Amino acid sequence: MQTDFGQDTPERGGRGLPGKAAVGHVPVLLKEAIDFLAVQRGGTYLDATVGLGGHSFEIAKRLGALGHLIGFDKDPAALAVAQKNLAPVDSRQSSVVSETDSGRPATNDQRSSQDWPTITLLHGSFAELAHDQPTAAIDGILADLGVSSLQLGDPARGFSFQADGPLDMRMNPLSGRTAEQVVNHLDERELADVIYEFGEERRSRRIARALVRSRPIQTTKHLVDVISAAARPMNKAERRIHPATRTFQALRIFVNRELDDLKALLEAAPRVLKPGGRLVIISFHSLEDRIVKDAMRDGAKQGLYRLLTKKPVIATEEEIDRNPRSRSAKMRAAERM
Ligand SMILES: C[S@@+](CC[C@H](N)C(=O)[O-])C[C@H]1O[C@@H](n2cnc3c(N)ncnc32)[C@H](O)[C@@H]1O
């Protein structure tokens, strides 16, 4: 199984995005995603995971003044960066609407740039926000799943096993249970199930037992130490990935309800896309990719989609060298019939 943890690098994208040097998230499969979206001038596009705006910026450039780009993110810190990165150079304005008052998207009418689309940034999960979109109104949906370098690189967010920090792991720090609450409050069996189901970790029971015995666990370092002692690599293959990789992935998926959110997005997509509209999803581990593959195939069987990718698109060797995070990326695309 492939995962998106561990090897992220703070390298630059070099595609002229404002603020990228400070933030350092390199958009994965950028050209491929934009090609499959086939952005229409004047269209309405939805970036379900706007992050720092890397993919969105390339969409916005192609939309023109009559276009509309709607970006979602669970993470207010990401939206604040995206707001800056996506503002037209001469006005630097866009709107961020909070989850609570997001019933009606705000738009930016004072935009002075001649050729820049309206950009609406909404705080919340794409699971709910996609359902709020009107029927057959969207020309393309992009979802670049997982965490951004902004999140992984900040030890205070607790996503990375490579730095010490509080055990949080919430993409939306304003709601939901933290990883600390999960690790310290689930019973041993529930913990083992989470680690097995969402981390595909064969040593889940042993790890869960060690976690329960070591409670309270409040930091990523303590968690890593307990897992490493409980799940020593038995062979060469196991030594290739850090022993905490799968458990961190499992906790993150559980804390953020990632697979349920993805299913909800995939359920909403055929309704909100216009005929001819494109759905492009970049996933980073096999659990996500399986859900995307099944939803697109089922949609194709029902006559809702034409599949644009029979096999997932993966990063070139050159992209992986430049951006190791792309090594586990898989992109699938479909067109609404
Ligand atoms: C890999 S990053 C996206 C990076 C972005 N494509 C870019 O180029 O800057 C994924 C982003 O999706 C957000 N995210 C993940 N799941 C989400 C969900 N269910 N709803 C909204 N945002 C989500 C994360 O907070 C993170 O900022």
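Throughout, read-outs are computed from the coordinates displayed, never taken from laboratory work. Keep in mind that this is a model prediction, so the values were computed, not measured. We place every Cβ from the backbone using ideal geometry, glycine too, and count neighbours over all the protein chains shown.
Arg257 to Arg41: FRET efficiency via 1/(1 + (r/R0)^6), r the Cβ-Cβ distance, R0 41 Å, to the nearest 0.05? Could the numbers behind the result be given before it?
Working: r = 36 Å, r/R0 = 0.88.
Given R0 = 41 Å and the Cβ-Cβ separation, E is 0.70.
Using the basic label-point model (7 angstrom from Cα toward the beta carbon), what is the Glu128 to Arg290 distance in nanometres?
So the label points at Glu128 and Arg290 sit 2.9 nm apart.
What list of ³J(HN,Hα) couplings, whole Hz, do you get for the range 171-185 from phi and the Karplus terms 6.51, -1.76, 1.60, once you set θ to phi - 60° and write x for glycine and proline?
5, 9, x, 8, 8, x, 7, 7, 5, 4, 5, 5, 5, 8, 10
Using amide H atoms built in the peptide plane, which far-off residues or other-chain residues are under 5 Å from Tyr305 H to H?
Those lying under 5 Å, H to H, from Tyr305 are Ala300, Met337.
Sequence neighbours fewer than 8 away in the same chain don't count; with that in mind, list the lysines whose C-alpha is under 17 Å from Lys310.
Of all the lysines, those that pass the test against Lys310 - Cα under 17 Å, at least 8 places apart if same chain - are Lys293, Lys301, Lys330.
Along the positive direction of the dipole of the range 155-256 (beta-carbon charges: Lys, Arg +1; Asp, Glu -1; about the Cα centre), which of Leu186, Ala210, Ala237 reaches farthest?
Selected residue: Ala237.
How tilted is helix 54-63 with respect to the longest principal axis of the chain? Cα atoms for both, answer in degrees (0 to 90, nearest 10).
The answer is roughly 10 degrees.
Given a Förster distance of 30 angstrom, what is the FRET efficiency for Glu238 paired with Glu190, based on the Cβ-Cβ distance and rounded to 0.05?
The formula returns an efficiency of 0.75 here.
When each pair of different Cα atoms in the range 155-256 is counted once in the 1/r mean, what is the Kirkwood radius in angstroms, to one decimal?
After inverting the pairwise mean of 1/r, the radius is 13.2 Å.
Given Cα positions, please report Rg to Rh for the chain, the hydrodynamic radius being the Kirkwood one. Display every interim value, and only then the final one.
Working: Rg = 19.9 Å, Rh = 20.4 Å.
Here the Rg-to-Rh quotient is 0.97.
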